[in-house]
Amino acid sequence: MTQLTTPPRAPVPSGYRHPAVPGPSGQPAGPFEILVPGRRPPAVSQRRAALRTTFEGTPGHLRLLGITAVLSCLVLSLVGFGAFTARANALASARADAAQLIRVQEIATQLVAADSLFTNGYLADGFESATNLAGYDEAIREASSLIAEAAAAKPSDARALAAVNDGLTEYTARVASARANNVHAYQVSTGYLRQANVLLRGDGGTGQVKGMLPALQTLMTDSAGRVDAAYDDSRLATWLLLFTVLVTVGGLVTVQVRLARRTHRYLNVPLVASTVIALLVLGVGAVVMMSAQTQADDVRDTSYRVLQNVARARIEAYTAKSAESITLIYLGTGGGHAAAQKQFQESTREASERLRDVAAASRGPAGRAELAAWQAKHAAVLKLAASDYRSAAKEATKNASDPASLNGSFAALEKATDIALEAHAASVDRGLLAGRGPLLVLSWLAILAGLVAAVSSWAGIAQRLEEYR
């Protein structure tokens, strides 16, 4: 029997694919398609060749110049928008944080005002006037309302403000207990008076009770820091605008110079129009930004600074008023009054220095004369207390409607500083708001101008490309 032998097969070339096996494009590879490892498919090579052709020679160079011009204009749209928006947002943040600072200062002011009314009424031995009672209740309501308003306006402050609100609840309870016991001349009323003072001002550094005023002072410091940070952020917008000028105008000018050298034509109207549009928007934008920043700096150096000094002077004045009453209370009970009198002197000295700065910055009296008149009345009453305590206590609790009384002289100081506070608070708000509107308009105008300039730039390049078709 003859054995059948299979003839040897020819070697298969590397990369050979059977005709039935589809190639990369999904079509049969064909019996003679050989794919050499490392070689790109024909379609990819064709695309690369077409891309090289697009940017070869003078037409290709013109296309690259057109892309450069368009990208330069888009920088105007994007970075210019960011620069104007950053300045507008920074001013808005400064305004919001300044408003929060004013709220927190007013909370502190209302608390010390309420305390001054409470301690002054305590001197009346249970016969506190209806005016004092109504004034105290109004100050407590205003403080409570402002706490809620401030917590809603700045959620990051909400936890600290909640602690202040808790302290206010305890404080009013101690005040109520002190009043109730003072009506019956119980000695325990003095203990409640001290507890209320600790809840308001803290325990003197032992750390057991922080006190509402120290907590509010921390919030004031934080708010003032946020205002300063907002001013720093507003200056970042200047660098963004400078970058926009360098890239946009520099890019368009470079494109025109290279285009002139390549085509021997020195003026391309669409490209010149794009440059003019960019220069116009950036020039107006620079003027508006500088004007807004100058106005904001003026607000910070004048009204904002004066506002802080007036607010601090009012807090110190009310603190001194409470110390005045506590001094007389302790004189009547035989307790040590030196610490309270020292507090009065320190607070009035601080208030005087603050009001002196206010007068120098605003070129107005702003309550200095009223402060001096009240200090003189205080000295007279304190001297009277050394020989006739009951007459001194009666003089110290006279109705504030009498301008010649101790409380009347303090009411004049209240009115003078309140007028200055409201005027400068309004000035700060207006000053920081004024520049924001034009900046927001310019931010959207930058986007529109950049897009128009980009279209115009490409149209200018297209004119030259037509000459090579």
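Within the stretch 108-164, being surrounded by 19 or more Cβ atoms within 10 Å (Cβ to Cβ) and either touching a Pro at 6+ places or on another chain (Cβ under 9 Å) or among the acidic types (Asp, Glu) (or both) holds for Asp115, Glu128, Asp157. With respect to the stated conditions, Ser322 is assigned to a helix (DSSP H, G or I) and at pLDDT 90 or above. Scanning the stretch 416-435 for residues that are of a type in the set (D, E, K, R) and more than 20 Å from Ile315 (Cβ to Cβ), we see that the one that is farthest from the chain's Cα centre (by Cα) is Arg430.
For the stretch 256-275, check the following and say yes or no: at least one residue is part of a helix (DSSP H, G or I), hydrophobic (A, V, I, L, M, F, W, C) and under 27 Å from the mean Cα position of the chain (by Cα). Checked the stretch 256-275: no residue is part of a helix (DSSP H, G or I), hydrophobic (A, V, I, L, M, F, W, C) and under 27 Å from the mean Cα position of the chain (by Cα). Looking at Val310, Val287, just one residue is under 23 Å from Ala94 (Cα atoms) and free of Cβ contacts under 8 Å to residues at least 24 places away in the same chain, and that residue is Val287.
The values are calculated or read from the model by the stated rules, or taken from the named source; none is laboratory data. Owing to the predicted nature of the structure, the values given are computational and were not obtained by experimental measurement. Every residue, glycine among them, receives a Cβ derived from its backbone with ideal geometry; neighbour counts consider all protein chains shown.
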